[in-house]
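Down below is the structure, laid out as structure tokens.
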Amino acid sequence: MNRNLTVRLIVILGILGVCLFLLYPTYQYFSRYRNMTTEQMAELSETERRGARSIIERSMKLGLDLQGGMHLVYEIDKTSLGDGDLRDAQDRVMEILSTRVDQFGVTEPTIARQGSERILVQLPGVDDPERAKGLVGRVAKLQFRMVAEPDQTLRVVKAIDDMLAGKAEVDTTESADADTTAADDSPDADEGSRSEQQLATGDTVDTGTADSLLADLPGGTPTPATPQTDENTFSALAVAFQNGALYIPDDGYRVERVSELVRREDVRTAIRRAAGEPVEFLWSSEDAPRTADGLPTRLLYLVRSRVELSGEQLTDARIGPDQDRPGRMLVNFTLSRRGARKFSRLTADNLGKQLSIVLDDVVKSAPSIRSRIPGGEGQISGAFSDQEARDLAIVLRAGALPVDLNIVEERTVGPTLGEDSLNRGLTAALVGLGLTILFLLVYYQFAGLLASLAVCMNLVIVLTAMATLGAALSLPGIAGLVLAVAMAVDANVLIFERIREELRKAKTVTASVEAGYKNALSAIIDSNLTTMFAGIVLLALGTGPIKGFAVTLCIGITASMFTALFVTRFAFDAITHRRRLNKLSI
């Protein structure tokens, strides 16, 4: 064998060896780890788990239709946007969603535009749809706002009582800086049903003693309220006022009634007038004690509308154990240099007061400021589980969405359906490949055997490229793979027919092979390049399944040209070089 043939053989064997080496993790994953449950994975030793994670990361990824997962289409809420801001909002939303999904750990996600108002999100392998929706579509608007003073809260509660009882007239057109003494000047101010007297003296709780903290309080063992008893009072809906929060029993009526009241425009106006500044009631997600008869309670804070600091100043968020709640987690955050300066001034100017940490209009915690905090670091506690804390840290690091998103389409593909799709797709591909090889062997005999080996090598190269590049294999991808195989066969058919024509002219085998490859080259290049251009267009403009098809098609065409023009040509040259053939089995 001459030097040229030796080099070509080394190249072919080298490429084949590298491909098999890179595909081995995929074989390991599908043969051992793919059907392993989370419990079985947890039973492995730490070394085995690290090895398993490494194999999974290096193996071929499967698309949504083969692996199962979620398909979501979000629509941007345009109520707060102008026409010129829609495109910018869509760009920002896609960037933030990409960051969140990447940190969520989804392999080969799809995030793409659908028109000017919608965004497609596909999450292969996700087995917790609710968690995924909460993480992806959550606005995550973080704000630091001061809690109203206790006397301010009690004054507001009394003003609402007076208004509901008809003791105060409220002009809903008044602004926030209107006369703030109207509620105090109303007649019979000392006769509020359960205003300052009872809330300030009777309903107090020590939130650090027991679960039934409200049991021994005056009026602290409430029965479910009814519209007849509480229609014209606000204070009676609460059973306690402590640490700046109203304790509202979650008995199937009171929480809903309070939410309804604080949304009413006349009540909101009464609140602004009594507080003397823009404020609003916000629910808290903090743990709260139960009433004596076992009813859970929810905390309601009166919070100033002024945002002292926002999540835009946050640079990092990491989870850590909550020392006050064993087994629970909290989120440690770090502010930017500018944010740290503002936070330092804020804490220095409000010693002894409560600062609420508000996330998406829910108070996560409302700690009292005991000293100035100069380092720009703080904590968000809320009795989070490990998963809840991790998700919160992810969305805080990624940043808040600039607009609300509404889900307009949602589909979940189960792993069983994905498994069935994979098996059917592979079966179809293998049957097609088998019939193609059978045709080549019957029609082209020995030359067909060489073409069959080249087609098999073509498949190995394509699968290796997809695994190495991290491209996900989907059902359309399998279709693209089959089409690429067909293109490889087409190139060999063109070459073999050209060789046959030359043999009919009584040329030698060597000359016929040389002429066959030379004459078929232009047709092969033309057909493959035009198909490649179509694949590139689909890759650039397509999304989801179309993109998966285009990826495998482009890789397959490149591999087919290599195997048809280089591998089979090497085989013919090697055979004709070793001995002088008078006849070729073609």
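The values are calculated or read from the model by the stated rules, or taken from the named source; none is laboratory data. Since the model is a prediction, treat every value here as computed from it, not as a measurement. Neighbour counts run over all protein chains shown; Cβ positions are idealised from the backbone, glycine included. For the accessible areas, the whole protein counts, side chains as well, though only heavy atoms, and no ligand, DNA or RNA atoms are used. Shrake-Rupley method; radii C 1.70, N 1.55, O 1.52, S 1.80 Å.
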- Rounded, prolate or oblate (a/c below 1.5 giving rounded, otherwise prolate when a/b exceeds b/c) for the range 328-389 by Cα gyration tensor: prolate
- Task: Step through the residues of the range 528-533 one at a time and calculate ³J(HN,Hα) from phi using the Karplus curve (6.51 cos²θ - 1.76 cosθ + 1.60, θ = phi - 60°), rounding each to whole Hz and writing x for Gly and Pro.
- Result: 6, 5, 5, 5, 5, 4
- Message: Only sites in a loop by DSSP and with at most 16 other Cβ atoms within 10 Å count here; which chymotrypsin sites (Phe, Trp or Tyr not before Pro) in the range 226-330 make the cut?
- Response: TYR253
- Show VAL139, VAL101 ordered by accessible area, largest first, where the area counts protein heavy atoms only and the probe is 1.4 Å. VAL139, VAL101
- Local net charge near GLN90, Cβ-Cβ under 11 Å (Lys/Arg +1, Asp/Glu -1): -1
- Note on the structure: Rounded to the nearest 10 Å², the accessible area of VAL408 using a 1.4 Å probe with every protein chain kept is 60 Å²
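Of LYS141/LYS342; LYS133/LYS364; LYS61/LYS141; LYS61/LYS547; LYS133/LYS342, which pairs sit farther than 22 Å apart, going by alpha carbon to alpha carbon? Intermediate values should be presented prior to the final figure.
Numbers: LYS141/LYS342 18 Å; LYS133/LYS364 20 Å; LYS61/LYS141 34 Å; LYS61/LYS547 15 Å; LYS133/LYS342 33 Å.
Over 22 Å apart, Cα to Cα: LYS61/LYS141; LYS133/LYS342.
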- Query: Using every alpha carbon pair in the range 377-517, what percent of pairs falls into each 10 Å bin from 0 up to the bin containing the largest distance?
  - Reply: 9, 23, 20, 16, 12, 9, 7, 3, 1
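Indicate the gyration tensor shape class of the range 431-478 (rounded, prolate or oblate), computed on the Cα atoms with a ≥ b ≥ c the square roots of the eigenvalues: a/c under 1.5 is rounded; otherwise a/b larger than b/c is prolate and the rest oblate. Mind dumping the intermediate values first?
Details: a/c = 5.94, a/b = 2.11, b/c = 2.81.
Taking the square roots of the gyration eigenvalues as a ≥ b ≥ c, the range 431-478 is oblate.
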- Message: Assuming 0.36 nm per residue, please report the length gained on full extension of the stretch ASP386 to SER305 beyond their Cα-Cα distance.
- Response: 26.1 nm
- Item | Selection of trypsin sites (Lys or Arg not before Pro), the range 430-526, meeting DSSP coil and at most 10 other Cβ within 10 Å | LYS505
